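Beneath this line is the structure, given in structure tokens, with notes to follow.
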Amino acid sequence: MAQERLDLGLARWTTREIIVMAVISVALGLIFMAYGVLYLALVPLLGQVGIMLLLGFYYLTGILVPYIVRRPGAALVSSFLAAFTELLAGSPFGIAAVWAGLAQGAGAEVAFALRGWRDYRLPVLMGAAVLSGVFGYVYEYFLLSYAVLEPTVQLGLFLVRIPSAIVLAGWLGKVLGDGLARTGVLRGLAITRSAS
């Protein structure tokens, strides 16, 4: 059993894992495209800081896919695929969506790497979501020139995204992953072989 757990992170990806990752990433990328339109429409209502309450949903791919396949690189690659799909579907954010997806996926990947790609309990998923938000904030800080904003606005842009990440990516990723596992469509994948 110990050898099996060690090999889980080092063995090659199976064709099925790649297909599952691609299908989920593309599906979420298409949802992100529609979500982006809604997101931008709500900015005038919620404001620059308030809209961050909805931002965590964009981190979902980098949490859900790794939770299901439990392979090194799953967060980064799936986040990129979702963002690239969003771009191809006509994202209102353009190529910036892809760079944001890479930053967010890298944040989640760091969290999973720190746990040796072996721990996918809810606190780890939430931590990965928070790091997605942190990495995303750093990217946005330079892209969107946050330095010119008032310090309180900068702080708000950072802090408000954290609960959003925890709920809309960490918690929701676990709920969706567990729900999919219960249907039987993920039979044979890592999520069904572990009780996390």
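The values are calculated or read from the model by the stated rules, or taken from the named source; none is laboratory data. Keep in mind that what you see is a predicted model, and the values were worked out from it rather than measured. A quick note on method: Cβ atoms are made from the backbone with ideal geometry, for glycine too, and the neighbour counts reach across all protein chains shown.
Within region 115-127, not a single residue is under 24 Å from GLY47 (Cα atoms) and under 18 Å from the mean Cα position of the chain (by Cα).
Taking residues in region 164-177 that are closer than 16 Å to ILE24 by Cβ, and partners anywhere that are of a type in the set (Val, Ile, Thr) and buried (at least 19 other Cβ atoms within 10 Å of the Cβ), the pairs with Cβ atoms closer than 6 Å and at least 6 places apart or on different chains are ALA169/ILE63; GLY173/ILE63; GLY177/ILE68; GLY177/ILE191.
The rows are residues; the columns are (1) assigned to a helix (DSSP H, G or I); (2) touching a Lys or Arg at 6+ places or on another chain (Cβ under 8 Å); (3) among the β-branched types (Val, Ile, Thr).
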position: GLY56; (1), (2), (3): yes, yes, no
position: ARG71; (1), (2), (3): no, no, no
position: SER78; (1), (2), (3): yes, no, no
position: THR85; (1), (2), (3): yes, no, yes
position: PRO92; (1), (2), (3): no, no, no
position: VAL98; (1), (2), (3): yes, no, yes
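If you go through region 16-57 and keep only what is among the hydroxyl-bearing types (Ser, Thr, Tyr) and closer than 14 Å to ALA89 by Cβ, you end up with SER25, TYR35.
The one condition from (1) over 26 Å from LEU122 (Cβ atoms); (2) modelled with pLDDT of 95 or more that LEU144 does not meet is (2). Consider region 114-137. How many of its residues are part of a helix (DSSP H, G or I) and surrounded by fewer than 14 Cβ atoms within 10 Å (Cβ to Cβ)? Total meeting the criteria: 2. Of all residues in region 142-157, those satisfying the criterion of being outside any loop (DSSP other than H, G, I, E, B) and free of Cβ contacts under 8 Å to residues at least 24 places away in the same chain are PHE142, TYR146, ALA147, VAL148, PRO151, THR152, GLN154, LEU155.
Taken as a whole, the condition of being among the small types (Gly, Ala, Ser), surrounded by fewer than 22 Cβ atoms within 10 Å (Cβ to Cβ) and closer than 26 Å to ARG187 by Cβ does not apply to GLY90.
Per-residue answers, yes or no, for (1) crowded, with 20+ Cβ neighbours inside 10 Å; (2) without any contact (Cβ under 8 Å) to a residue 60 or more places away in the chain; (3) among the aliphatic types (A, V, I, L, M):
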| site | (1), (2), (3) |
| --- | --- |
| TYR67 | yes, no, no |
| ARG71 | yes, no, no |
| PHE84 | no, yes, no |
| GLY105 | yes, yes, no |
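Could you list, in sequence order, all residues of region 15-50 that are under 30 Å from VAL153 (Cα atoms), touching a residue at least 24 places away in the same chain (Cβ under 8 Å) and buried (at least 17 other Cβ atoms within 10 Å of the Cβ)? If the condition is that a residue be under 30 Å from VAL153 (Cα atoms), touching a residue at least 24 places away in the same chain (Cβ under 8 Å) and buried (at least 17 other Cβ atoms within 10 Å of the Cβ), then LEU28, GLY29, PHE32, MET33, GLY36, VAL49 are the ones that fit.
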